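The values are calculated or read from the model by the stated rules, or taken from the named source; none is laboratory data. Just so you know, these numbers come straight off a predicted model, no measurement behind them. No Cβ is skipped: glycine too gets one built from the backbone with ideal geometry, and neighbour counts run over all protein chains shown. Ligands, DNA and RNA are excluded from the accessible area calculation, which covers all protein heavy atoms including side chains. Shrake-Rupley method; radii C 1.70, N 1.55, O 1.52, S 1.80 Å.
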Amino acid sequence: MEIGSALTIISTVTSIITATVLIFTYHQNIKQNKPQFDLTSVYTGLPPNRKPHGFHIQNPTKPIVHCQVFCNGVPLETPFGVHFQKWVYIHAGGAADFILPDDLADIDNATIEVKDGKKNIYPKTKIKDVPYVL
């Protein structure tokens, strides 16, 4: 009886350790499969007239096949024109720019999100919280 209960304890501890490692590995794989990119907002002008003009996406590791940027649910245009409004392909190591509309009323409360097709690859965030470059 002593050996049986010791084996039960050892197998239970081993199972818990194995499950923990598998869960950790699974979460790491999910993070690796998402495209890693930098999203920065581009501002024009100097304070106090400084306002956001658009967004710059750099994608160093994986391509984003159907990249779309939405501001308050409306897709943003690229400098390439309206025919790229649906989506843009960003190759690995590439970059793309998206332009905010000039008639955006409430910039302080406007939200931005980035999608690859139907998948969210950047959570819905307020424009003022996106890191910026001058």
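Assorted remarks:
- Cα gyration tensor category, rounded, prolate or oblate, for region 51-134 with a/c compared to 1.5: prolate
- Between the beta carbons of residue 80 and residue 106, assuming R0 = 30 Å, the FRET efficiency works out to 0.65 to the nearest 0.05.
- Once the Cα-Cα distance is subtracted from the 0.36 nm per residue extended length, the residue 124 to residue 29 segment shows a gain of 31.9 nm.
- Against the criterion of solvent-accessible heavy-atom surface with a 1.4 angstrom probe, 56, 91, 66 sort, most first, into 91, 66, 56.
- The simple spin-label model puts a point 7 Å past each Cα toward its Cβ; for residue 9 and residue 91 those points are separated by 6.1 nm.
- Counting charges near residue 93 (Lys, Arg +1; Asp, Glu -1) among other residues having Cβ under 13 Å from its Cβ returns a value of 0.
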